[in-house]
Amino acid sequence: MGRALRASLGAVWRERWLAPLGLGVALARGALAFPAVLFLAAVGSRTARSVLEGGAGPRPAAIWTVAALTSPRVLAIAAGLWLAGWLLWGALRAAWIAGAMPILAARLSGAPERPELAAGVAWRFGPVAAATVVGSLLDLLGHLLVAATALGATALYARAQGSPQPAAVALVVAAAATAAVFLAVALSALADTAVARAAAAGEGPATALAGALSSVLARPAAFVAAALGVALAGALAVASLESAASLATGFARPVPPVLLAVPGVLVAAVAAMLAAGVELWRLSALATLALGAPGARPHALLVSPPAAPPRTPRPAGARDP
């Protein structure tokens with residue numbers, strides 16, 4: 001596991017130009033959620049303005065605005081706009097992963113040639129998008145498992161009040177919570193491994209999911225530890241960056257808020273690029289664990305688009321129909 005983490009981190013560092021593309025994907029996520037917010041703001045402002053122009057006071061205007069914003073039609077339109085933006089952002093993220101992972105896989109395998117970003121997006125977007133959908137369902141299943149365990153633990157704790165053996169009840173609750181969290185993290189690692197295999201090795205969604213399942217079942221602790229270790233390292237790096245920026249701006253003299261917003265935006269951009277690099281690091285590490293040690297299977301890690309069909313030679317003097 002340590003070798004996979006070191007090798008994948010080195011590959012991400014050598015191909016660090018992929019992180020700004022991840023920044024663009026992160027910015028697109030906020031931009032694509034803006035239409036839903038803009039629609040709700042437009043409905044609320046128009047309702048409040050019409051009520052105020054009719055001679056009513058602020059209280060009726062607030063009541064009518066809340067009623068308009070909570071109407072089923074407005075909520076359905078806002079939900080549709082948000083869902084459309086979320087799906088489009090998911091497609092952009094899948095395209096970014098499909099283009100970036102073959103490059104990192106080629107770097108890990110030690111191949112002399114590097115595949116192009118456009119080639120990965122063109123030939124591996126479909127499998128990566130399908131694997132991402134399946135992975136989202138697995139992540140949702142993990143969250144539901146944790147939520148069900150929390151509800152069960154709450155109900156068991158309420159019934160166990162005054163029990164003669166509180167230590168046994170606490171032990172059962174702790175074991176159930178630990179198992180639920182471990183399974184949730186394992187399901188998340190399984191989803192990320194399927195996406196990584198589809199992007200790095202060019203496998204289909206079903207093959208990538210089956211291969212990821214066999215790999216995770218063979219070494220569940222390694223995959224869970226790798227996922228948690230990369231997530232912890234990324235969280236610490238982002239927190240350290242934000243803390244250093246806050247400490248640096250705290251010693252500055254009183255300046256206009258507009259000027260203070262500039263370093264804040266820069267720190268946010270650097271943090272987003274760092275988060276994108278951490279995501280590529282996690283996927284590369286999981287792909288390395290699933291596909292073998294670096295250099296073991298270079299033929300499976302390169303972009304290999306389907307060959308074009310052979311063209312039949314045209315006889316001399318033939319004309320197009």
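The values are calculated or read from the model by the stated rules, or taken from the named source; none is laboratory data. Bear in mind the structure is a predicted one, so any value in this text is a computation, not a measurement. Neighbour counts run over all protein chains shown; Cβ positions are idealised from the backbone, glycine included.
Things worth noting here:
- Residues that are closer than 18 Å to residue 283 by Cα and either within 19 Å of the chain's Cα centre (by Cα) or among the small types (Gly, Ala, Ser) (or both) number at least 1 in the following helices (runs of 4 or more DSSP H) confined to the range 4-116: 19-53, 72-109.
- The single condition among (1) more than 30 Å from residue 220 (Cβ to Cβ); (2) surrounded by 13 or more Cβ atoms within 10 Å (Cβ to Cβ) that residue 17 does not satisfy is (2).
- Filter result for residue 193 (crowded, with 21+ Cβ neighbours inside 10 Å and among the β-branched types (Val, Ile, Thr)): yes
- Some residue of the range 254-265 being more than 17 Å from residue 8 (Cβ to Cβ) and modelled with pLDDT of 85 or more: no
- Residue check for residue 214: under 23 Å from the mean Cα position of the chain (by Cα) and at pLDDT 85 or above: yes
- Pairs, first crowded, with 17+ Cβ neighbours inside 10 Å in the range 106-134, second assigned to a helix (DSSP H, G or I) and of a type in the set (S, T, N, Q), C-beta under 7 Å, six or more apart: 108/8; 108/284; 108/288
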